[in-house]
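Worksheet: the structure to be examined is printed underneath.
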């Protein structure tokens with residue numbers, strides 16, 4: 001019989017898979033991923049009101065390490081000690097954004113023996129396009145980092161918070177008097193038909209949510225409904241392999 005502790009560890013492993021898939025598709029190194037998790041874990045505990053001593057105990061780290069995490073968090077830096085390779089990637093992206101579009105120009109701007117390797121890693125991650133003689137930032141990604149980026153990230157955070165609520169309610173602290181519902185349907189459909197279904201379902205949910213909210217009695221519980229629909233990406237960079 002699986003113990004409650006082992007079950008939670010399995011849930012955490014499943015939760016980590018989407019993050020690790022994005023990390024893999026981004027060609028992120030393990031050390032940088034560890035630093036990212038450490039900084040975000042610190043930030044979460046801090047938002048929960050934990051003291052530095054409590055955070056140090058929870059993370060099993062010294063107060064000196066916690067102080068460094070606090071500094072990085074205050075500076076809005078995701079990584080406490082980004083690897084040399086990641087810094088090279090950042091310099092490459094910065095140089096390309098500022099017009100350095102030839103190998104010679106990149107070499108002058110980046111100045112690293114790892115330039116070729118990390119340029120190829122960025123190409124593998126889909127961040128850099130173009131051939132070896134004229135690399136450039138992928139045009140489709142430039143639209144994602146426009147002026148509405150912060151609003152889109154806030155929406156992503158709200159969506160993921162709802163997902164976390166459902167997982168907590170179903171696998172961590174289930175309560176029979178609280179609703180927590182999740183379903184996934186996998187099927188085939190023409191793009192136009194799928195788009196029509198999305199419009200219909202969205203309109204229905206939007207209308208009913210407004211009606212329920214308006215009719216809610218005093219003291220009614222808050223509720224969240226998330227709606228997603230996707231044609232799973234099938235490019236080689238993302239395609240999942242099972243088994």
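The values are calculated or read from the model by the stated rules, or taken from the named source; none is laboratory data. On a predicted model such as this, the values are computed, not experimentally measured, just so you know. Positions of Cβ are backbone-derived with ideal geometry, glycine not excepted, and every protein chain shown enters the neighbour counts.
Can you tell me which residue among 21, 17, 35, 6 is out of contact with any strand residue (DSSP E or B) (no Cβ under 8 Å at 6 or more places or on another chain), touching a residue at least 40 places away in the same chain (Cβ under 8 Å) and more than 26 Å from residue 68 (Cα to Cα)?
Values: 17 fails: touching a residue at least 40 places away in the same chain (Cβ under 8 Å); 35 fails: more than 26 Å from residue 68 (Cα to Cα); 6 fails: touching a residue at least 40 places away in the same chain (Cβ under 8 Å).
The unique qualifying residue is 21.
Taking the stretch 154-177, which residues are more than 18 Å from residue 15 (Cβ to Cβ) and surrounded by 10 or more Cβ atoms within 10 Å (Cβ to Cβ)? Give the derivation first.
Restricting attention to the stretch 154-177, the residues satisfying the condition of being more than 18 Å from residue 15 (Cβ to Cβ) are 154-155, 175-177.
Matches in the stretch 154-177: 154, 155.
For residues in the stretch 180-206 being assigned to a loop (DSSP other than H, G, I, E, B) and more than 26 Å from the chain's Cα centre (by Cα), which is surrounded by the fewest Cβ atoms within 10 Å (Cβ to Cβ)? Give the steps one after another, and end with the answer.
The initial filter retains those residues of the stretch 180-206 that are assigned to a loop (DSSP other than H, G, I, E, B), namely 180-190.
If we keep only those that are more than 26 Å from the chain's Cα centre (by Cα) as well, we get 188-190.
On the way: 188: 6, 189: 12, 190: 8.
So the residue we want is 188.
Results for (1) more than 20 Å from residue 22 (Cα to Cα); (2) in the same structural domain as residue 20 (by TED's automatic domain parsing), shown as yes or no for each residue.
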| position | (1), (2) |
| --- | --- |
| 35 | no, yes |
| 42 | yes, yes |
| 52 | yes, yes |
| 69 | yes, yes |
| 95 | yes, no |
| 105 | yes, no |
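Hey, residue 92 hits all of (1) crowded, with 17+ Cβ neighbours inside 10 Å; (2) more than 30 Å from residue 130 (Cα to Cα); (3) in contact with a helix residue (DSSP H, G or I) (Cβ under 9 Å, 6 or more places away or on another chain) but one; which does it fall short on?
(2)
Looking at this structure, is residue 122 within 27 Å of residue 238 (Cβ to Cβ), at pLDDT below 85 and not in a loop (DSSP other than H, G, I, E, B)? Can you show your working first?
Values: within 27 Å of residue 238 (Cβ to Cβ): yes; at pLDDT below 85: no; not in a loop (DSSP other than H, G, I, E, B): yes.
For residue 122, the condition - within 27 Å of residue 238 (Cβ to Cβ), at pLDDT below 85 and not in a loop (DSSP other than H, G, I, E, B) - is not met.
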